[in-house]
Amino acid sequence: MTQRYHSADLHNFTEELFTAAGCDDDKAAVMAERLLAADLMGHTTHGLALAAAYLEEIESREMTATGEPEVVSDRGAAICWDGRRLPGLWLVARGVELCMARARQHGTATLTVRRSHHAGCLAAGLPPATRAGMMVMIASSDPSAASVAPFGGLASVFTPDPIAIGIPTAGDPVLIDISSSITTNGLTNRLRTEGRRFPGPWALTAEGAATDDPNTLFTNPPGTLLPVGGIDHGHKGYGMALMVEALTQGLSGYGRAEAPAGWGASLFIQVFDPQAFGGAQAFTRQTEWIAAACRGNPPAPGHDAVRLPGARAAENERRAQANGVVLHPAIMPSLAPWVKKFGIATPSAIA
């Protein structure tokens, strides 16, 4: 039976969990907000499904629960932090906030973060900037892990290396959240656990055969996820991965060359204030024109309408706020040991 929850109840519950685990109050609040935001948007593998794993990382001290990042360099519009393995969700929130303030001064601002912990759903970090009329880019990679091979190769070198872009328009913003691989590790793990297969040949066996079996990433030797474009045009995803690795690890000066251990991330955040360029109104005029051209495009067979990236997420969020949030059935059982450990009440499902 599908159970729904009030979003406010889920937020309070999640914040209590992270506070009980030892997080600073601001970190617990941001983690609850951003994990829930991912579920509201429909990114269910990167929402509250991550909460139990994050709690385990805090308990083992692999995730730093308190304190501030260290400033490696600061030239006003270009900043680098050492994230000290603080929560990536919180570092992204703080980073976007800083870049917005600096972009108001300089027109644009860029922050790179080395040694962050996992950053979750990047799309959840975009709305604060787009609501302020600013364009934002966030990219992430994990230099301690690899599951994607370069195009034409068999051995993994990259993580899925996602990049998200928020673009203000006259209405709902365009929220792009894509990875350099066809799919994510989170979805791969979920499908494998549920005994399901990819919708198409999204992975490569260790011998180089395309497959729809997520188990191929867990063989010995392991297979890999295919880059965007797959067998035919995977050079495109390969190029994206190289770009994301350079933005996140190259610019932060720390990454795979150091062979770091532990679940983590290197981050790239950039914010643009359109007012400093051609002007805010001129920017919105252009973005709204292209958005309207896409929305008004005649739909191809099998499609009801042409959607802009982020449109479905906005619909999902409005529906969840009105009718309740539907969680993946594995989430509450995964949190049950932490509920018991901390003595926290589980939110009641909506009747």
*Single residue of region 166-181 satisfying the filter (surrounded by 22 or more Cβ atoms within 10 Å (Cβ to Cβ) and of a type outside the set (S, T, N, Q)) that is nearest to the chain's Cα centre (by Cα)*: Asp177
_Qualifying positions in region 157-191 - at pLDDT below 95 and within 23 Å of Ser334 (Cβ to Cβ)_ = Thr183, Thr184, Asn185, Gly186, Leu187, Thr188, Asn189, Arg190, Leu191
*Right, Leu48: crowded, with 23+ Cβ neighbours inside 10 Å and either modelled with pLDDT of 95 or more or farther than 16 Å from Thr248 by Cα (or both) or not?*
yes
*Spot the failing condition for Ala261; the list is (1) surrounded by 18 or more Cβ atoms within 10 Å (Cβ to Cβ); (2) modelled with pLDDT under 95, and only one is missed.*
(1)
*So which residues in region 268-283 are outside any strand (DSSP E or B) and buried (at least 18 other Cβ atoms within 10 Å of the Cβ), if there are any at all?*
Asp273, Pro274, Phe283
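Residues are listed down the side, and each one gets a yes or a no for (1) free of Cβ contacts under 8 Å to residues at least 40 places away in the same chain; (2) assigned to a helix (DSSP H, G or I); (3) in contact with a helix residue (DSSP H, G or I) (Cβ under 8 Å, 6 or more places away or on another chain):
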site: Gly253; (1), (2), (3): no, no, no
site: Ser266; (1), (2), (3): no, no, yes
site: Thr287; (1), (2), (3): no, yes, no
site: Ile290; (1), (2), (3): yes, yes, no
site: Pro299; (1), (2), (3): yes, no, no
site: Pro309; (1), (2), (3): no, no, no
site: Arg319; (1), (2), (3): yes, yes, no
site: Leu335; (1), (2), (3): no, yes, yes
site: Trp338; (1), (2), (3): no, yes, yes
*If Leu55 satisfies every condition in (1) outside the structural domain of Asp142 (by TED's automatic domain parsing); (2) modelled with pLDDT of 95 or more; (3) under 22 Å from Ser144 (Cα atoms); (4) touching a Cys at 6+ places or on another chain (Cβ under 9 Å) but one, which is the exception?*
(4)
*Output the residues belonging to region 58-86 that are under 21 Å from the mean Cα position of the chain (by Cα), not assigned by TED's automatic domain parsing to the domain that holds Ala109 and not in a loop (DSSP other than H, G, I, E, B).*
Ile58
*Search region 238-249 for residues that are in a helix (DSSP H, G or I) and pair each with any residue that is β-branched (Val, Ile, Thr) when their beta-carbon atoms are under 6 Å apart and the residues are at least 6 apart or on different chains.*
Val244/Ile163
*Matching entry among Gly223, Gly253 (being in contact with a strand residue (DSSP E or B) (Cβ under 9 Å, 6 or more places away or on another chain) and buried (at least 16 other Cβ atoms within 10 Å of the Cβ))*: Gly223
*Those residues that are closer than 27 Å to Asn323 by Cβ and not in a helix (DSSP H, G or I), I need them from region 13-56; list them, please.*
Gly42, His43, Gly47
_Given the criterion more than 23 Å from Ala123 (Cβ to Cβ), surrounded by 10 or more Cβ atoms within 10 Å (Cβ to Cβ) and at pLDDT 90 or above, identify the matching residue among Ala336, Ala314._
Ala336
*From the list Arg131, Arg115, Arg190, Arg196, which residue is over 18 Å from Pro227 (Cα atoms) and touching a Phe, Trp or Tyr at 6+ places or on another chain (Cβ under 8 Å)?*
Arg115
*Can you pull out the residues in region 191-212 that are touching a Ser or Thr at 6+ places or on another chain (Cβ under 6 Å) and crowded, with 20+ Cβ neighbours inside 10 Å?*
Trp202, Ala203, Leu204
_If a residue must be in a loop (DSSP other than H, G, I, E, B) and either among the hydroxyl-bearing types (Ser, Thr, Tyr) or in the same structural domain as Trp263 (by TED's automatic domain parsing) (or both), how many such residues does region 191-221 contain?_
2
*Which of the residues that make up region 300-311 are under 27 Å from the mean Cα position of the chain (by Cα) and either exposed (fewer than 12 other Cβ atoms within 10 Å of the Cβ) or under 15 Å from Phe13 (Cα atoms) (or both)?*
His303, Ala305
*asked:* Every residue in region 107-136 that is within 21 Å of Ala32 (Cα to Cα) and out of contact with any Gly (no Cβ under 6 Å at 6 or more places or on another chain), please.
replied: Gly120, Cys121, Leu122, Ala123, Ala124, Gly125, Pro127, Pro128, Arg131
*asked:* Suppose the filter is among the β-branched types (Val, Ile, Thr) and either surrounded by fewer than 17 Cβ atoms within 10 Å (Cβ to Cβ) or in a loop (DSSP other than H, G, I, E, B) (or both); does Thr188 pass it?
replied: no
*Any idea which residue in region 1-28 is farthest from Ile350 (Cα to Cα), counting only those that are surrounded by fewer than 19 Cβ atoms within 10 Å (Cβ to Cβ) and free of Cβ contacts under 8 Å to residues at least 24 places away in the same chain?*
Asp25
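The values are calculated or read from the model by the stated rules, or taken from the named source; none is laboratory data. The structure presented is a predicted model; accordingly, all values stated were derived computationally and were not measured. In this analysis, Cβ positions are derived from the backbone assuming ideal geometry, glycine residues included, and neighbour counts consider all displayed protein chains.
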